[in-house]
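Each remark here refers to the structure printed beneath this line.
All of the numbers you see were taken from the coordinates with simple rules; none came from a lab. Small disclaimer: the values here were computed from a predicted structure and weren't measured. A quick note on method: Cβ atoms are made from the backbone with ideal geometry, for glycine too, and the neighbour counts reach across all protein chains shown.
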Amino acid sequence: MNLNVDERRPSLHDHLSLQGKVALVTGASSGIGAAISKKLAEHGAVVAVAARRRPLLDDLVAEIEAFGGTARAIDLDVTDESSCRNAVDTCVEHFGGIDILVNNAGLMLLGPIEDADTHDWRRMIDTDVLGLMYMTHAALPHLLADKGTVVQLSSADRRAVGPLTGVYNASKAAVSAFSESLRQEVTTRGVRVVVIEPGATSTELPTHITHAPTRDAVAEFSAAIGLLEPDDVAEAIVYAVSQPPHVAVNELLLRSVDQQR
């Protein structure tokens, strides 16, 4: 049966309005974080974009404002708990609250455990685990007040442990465990906790790997498969945070169809 335009059922995107919502996105200066920030703004949210690289944040704010969105740049080092508190306070002072926290800041310093530079381990744990915990802790009173949503960026690697990924796997397993405990603590108070687990995605993360043979192996793997794009992950997050208040999308696993594990 053919339907007139006025008779068709509303599409999913007809319901994905975030008008009036305030979002704080960490690691927003590039990659998935920048894509999330733009996508949230496109759907009506005002966005506080937070990271260490201020020039890139300023460019992102200008890009969002160019299409009519509202954004503010906030300097943030998630490994510094006081910086996390300041980012939350600045967002609340400027926009009046926090409805959506996206903990996206992260590192992926892969390499063998034997002869590893353990400084890389500490950097990953400080950023991927403690930074996420600091931000969640600082924002939680506001999320509880507004019955908001916290989005935690984990990884498909959390489910597919292999060589060269041990500490990164451990950091993402910690994110998932922390987030599930948080969910059980706050779900009856109206706060939703969403864990996003992207597979291999086209970002700058692999270029930060300090172990050259591993960096080369990741580049070869990435060239052999179709990667997710940051916008793919951003769309999934918009879907999760746009659900009616009684619906909690607690976990989303995304992979390219070419990625087997």
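Loop-resident trypsin sites (Lys or Arg not before Pro) (DSSP state other than H, G, I, E or B) in the range 147-187 with no more than 16 further Cβ atoms inside 10 Å of their Cβ: 147, 159. Charged side chains reduced to their Cβ positions (Lys and Arg at +1, Asp and Glu at -1) give the range 130-261 a dipole of some 480 debye around its Cα centre.
For the chain, a Gaussian network of Cα nodes joined below 10 Å ranks 59, 99, 75 by mean-square fluctuation, and the top entry is 59.
Evaluated at 25 °C with a viscosity of 0.890 mPa s, what Stokes-Einstein diffusion coefficient in µm²/s does the range 119-261 have when Rh comes from the Kirkwood expression over alpha-carbon pairs? D, rounded to a whole number, is 151 µm²/s.
Compactness of the range 93-167, taken as the C-alpha radius of gyration over 2.2 N^0.38 Å, stands at 1.38. For the range 19-85, the relative contact order is 30 percent, taking Cα pairs closer than 8 Å that sit 6 or more residues apart in sequence and dividing their mean separation by the residue count. Entry note, the chain: relative contact order of 19 percent, from Cα contacts under 8 Å with a spacing of 6+ residues.
May I ask for the angle, rounded to the nearest 10°, between helix 212-224 and the longest principal axis of the chain, with both axes built from Cα atoms and the value confined to 0 to 90°? So the helix axis and the longest Cα principal axis differ by about 50 degrees.
Ranking 196, 184, 212 by Cα position along the charge dipole of the range 175-217, where only Lys, Arg, Asp and Glu carry charges on their C-beta atoms, puts 184 farthest toward the positive end. Among 209, 100, 74, the largest mean-square fluctuation in a Gaussian network model of the chain, built with springs joining Cα atoms closer than 10 Å, belongs to 209.
Seen from every direction in turn and averaged, the convex hull around the alpha carbons of the range 117-159 projects onto 3.8 nm².
The helix-based estimate of mean residue ellipticity at 222 nm for the chain, built from -39,500 (n - 2.57) per DSSP H run of four or more residues and divided by its residue count, is -13000 deg cm²/dmol to the nearest 500. For the pair the range 197-252 / the range 60-137, the C-alpha centres are spaced 16 Å from each other. Exposed loop sites were defined as GluC sites (Glu not before Pro) in DSSP loop states (anything but H, G, I, E or B) carrying at most 10 other C-beta atoms within 10 Å; in the chain the longest segment without such a site runs 1-113. The ellipsoid that matches the Cα gyration tensor of the range 17-254 has semi-axes, each √(5λ) in whole angstrom, of 28, 19, 17, with the longest given first. With both labels modelled 7 Å from their Cα along Cα-to-Cβ, the residue 115 to residue 66 distance reads 4.7 nm.
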